[in-house]
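So the structure is just underneath, and the comments pick up after that.
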Amino acid sequence: MFNFCPSCASAKITFNEGKFFHCPDCGFVYYHNIAAATGCLITVPDGEPAQERLVFLVRGKEPAVGKLDLPGGFVDVGEGVIEGLYRELKEEIGWTPPAAPSLFASFSNVYEYKGIKYNTCDMYFHVCAPELKPETLTLEKAEIAGVRFLKPADIDFSAFAFNSTVQAVKTYLRIL
Ligand SMILES: [Zn+2]
């Protein structure tokens, strides 16, 4: 990521253990830590016999534009995980959960944006939303191209943006 030391411009800077930059000339050290990210799996009960639909977003921007994703995103500086999740839900779909989402899975992920790879710790939450309907959501136009309410049998796992999301959905469906 850095070809030269940001402190003294030495070209001898190295990236070590997948974690930190070190400059042998001036002693500069910079830890490129993981970023925390959230995903929210929203389920909607659907008819008889007991069925449910899972709510997915269609990504409207790179990376992985057009692919399926869950609402959520990076936790901002100064935020807690739950706070970040609620903010993302409000921003992306204009919705606040009726009950506290519960953590059910967590996986590592690599999020590449404009040539830079960010190692993330993705945390997946679930919440059941009996009243949720597609037309009640306000999608963030710059980021979200659409929303899908899918029955488990109709989910195409090759259509997802990130493998960690696939793992999370399969964990929820108990098929992992
Ligand atoms: Zn240096």
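The values are calculated or read from the model by the stated rules, or taken from the named source; none is laboratory data. Computed from a predicted structure; not experimentally measured. Using ideal geometry, Cβ is built from the backbone for each residue, glycine included, and neighbour counts are taken over all protein chains shown.
Assorted remarks:
- Some residue of region 42-50 being buried (at least 18 other Cβ atoms within 10 Å of the Cβ), in the same structural domain as Lys141 (by TED's automatic domain parsing) and within 19 Å of Pro98 (Cα to Cα): yes
- Total residues in region 26-47, condition under 22 Å from Arg148 (Cβ atoms) and free of Cβ contacts under 8 Å to residues at least 40 places away in the same chain: 1
- Of all residues in region 160-175, those being over 23 Å from Pro45 (Cβ atoms) and more than 15 Å from the chain's Cα centre (by Cα) number 0.
- Close pairs (8 angstrom Cβ cut-off, 6 or more residues apart or separate chains): outside the structural domain of Glu112 (by TED's automatic domain parsing) in region 1-25, acidic (Asp, Glu) anywhere: Cys5/Asp25; Cys8/Asp25; Ser10/Asp25; Lys12/Asp25
- Among the conditions (1) under 21 Å from Glu62 (Cα atoms); (2) surrounded by fewer than 17 Cβ atoms within 10 Å (Cβ to Cβ), the only one that Phe162 does not satisfy is (2).
- Members of region 3-35 that are part of a loop (DSSP other than H, G, I, E, B) and within 26 Å of the chain's Cα centre (by Cα): Glu17, Gly18, Lys19, His32, Asn33, Ile34
- Out of Tyr118, Tyr124, Tyr172, one residue alone is in contact (Cβ under 8 Å) with a residue 60 or more places away in the chain and not in a strand (DSSP E or B). It is Tyr172.
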